[in-house]
Amino acid sequence: MRWGVVVFPGSCDESDVQYCLEHVLEQQVEPLWHNDQLSGEFDCIVLPGGFSYGDYLRAGAMARFSPIMHGIMDFAERGGLVLGICNGFQILCQAGLLPGALTRNTCLQFVCRHVSLRLEETDTPFTCAGKKGQLLKLPVKHGEGCYYADPATLERLQSNRQVLLRYVDSKGKVSPSANPNGSVENIAGICNEERNIFGLMPHPEDAGEKLLGSEDGLKIFSSVIAACNKRR
């Protein structure tokens, strides 16, 4: 299958995503420059982590207006798979492709460490290779990762089963101490109602080999590969 990885000024994790996909999972990857129009056929487009445009205004707020985003929005509207990681999640929320917003960590500090996550739903192209309730170990590295949504939006997320990942402790229990950034209801990742757009704050590309301390991130990418193969 063919992946596209968008590169914005200030992106810093696109190389990690490309390495994981190409060298670990033997996938075809094409870097996509932010100032270009989206062209070509892709199975999944990834918005990687980093600090697009320096995050000078607000995380993801400027990248949302990049020329390539028009093509990505059309791609998503046609059912194409879009994965936003960390800053990519922030961009998707700013663009209105996912509900809610990512705000400053409640601790007011940059957080960089491994966290435990619980897989909440498996009927999406991004989680189908896992098991409901499965625990994953992935790293986070962000200063604005606190997910917020108003009560009405949270109710829709719950009723539509759009919350795909939650921060939990080592035993799989939701607790304040397991929440690295203060996200409402310990939410770490959500999808849209159509289930073809997924945003998460943890970094699966940095958990793709034992050398990195975890291979659990491969569950996300392997799910996409399996879903696309099933489509064919």
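Rule-based calculations on the coordinates, nothing more; no lab input. Keep in mind the model is a prediction, meaning the values are calculated, not measured. Cβ atoms come from the backbone with ideal geometry, glycine included; neighbour counts cover every protein chain shown.
Legend: translational diffusion of the stretch 56-126 by Stokes-Einstein, Rh = Kirkwood radius over C-alpha pairs, 25 °C, 0.890 mPa s; D = 175 µm²/s. Comparing PHE65, GLY133, GLY100 along the charge dipole axis of the stretch 2-231, the residue lying farthest to the positive side is GLY133, per the Cβ-charge model. With both labels modelled 7 Å from their Cα along Cα-to-Cβ, the ASN229 to ASN160 distance reads 3.0 nm. Placing unit charges on the Cβ atoms only, positive for Lys and Arg and negative for Asp and Glu, gives the stretch 2-231 a dipole magnitude near 740 debye about its Cα centre. The charge dipole of the stretch 1-79, taken about its Cα centre with unit charges on the Cβ of Lys, Arg, Asp and Glu (plus for the first two, minus for the last two), comes to roughly 320 debye.
Full extension of the chain segment joining GLU185 with ASN35 gains 50.4 nm, where the gain is 0.36 nm per residue of separation less the Cα-Cα distance. Residue exposure proxy: GLU41, GLU120, ordered by other Cβ atoms within 10 angstrom of their Cβ from fewest to most, comes out as GLU41, GLU120. In plain terms, the residue of VAL174, VAL184, VAL7 with the fewest other Cβ atoms within 10 Å comes first and the most crowded comes last, giving VAL174, VAL184, VAL7. Toward the positive end of the charge dipole of the stretch 2-231, with +1 on the Cβ of Lys and Arg and -1 on the Cβ of Asp and Glu, the farthest Cα among ASN196, THR122, GLY10 is that of THR122. The value obtained for the stretch 1-105, namely the Cα convex hull volume divided by the number of residues, is 93 Å³ per residue. Separation of the stretch 1-49 and the stretch 92-164, taken as the distance between their Cα centroids, equals 21 angstrom.
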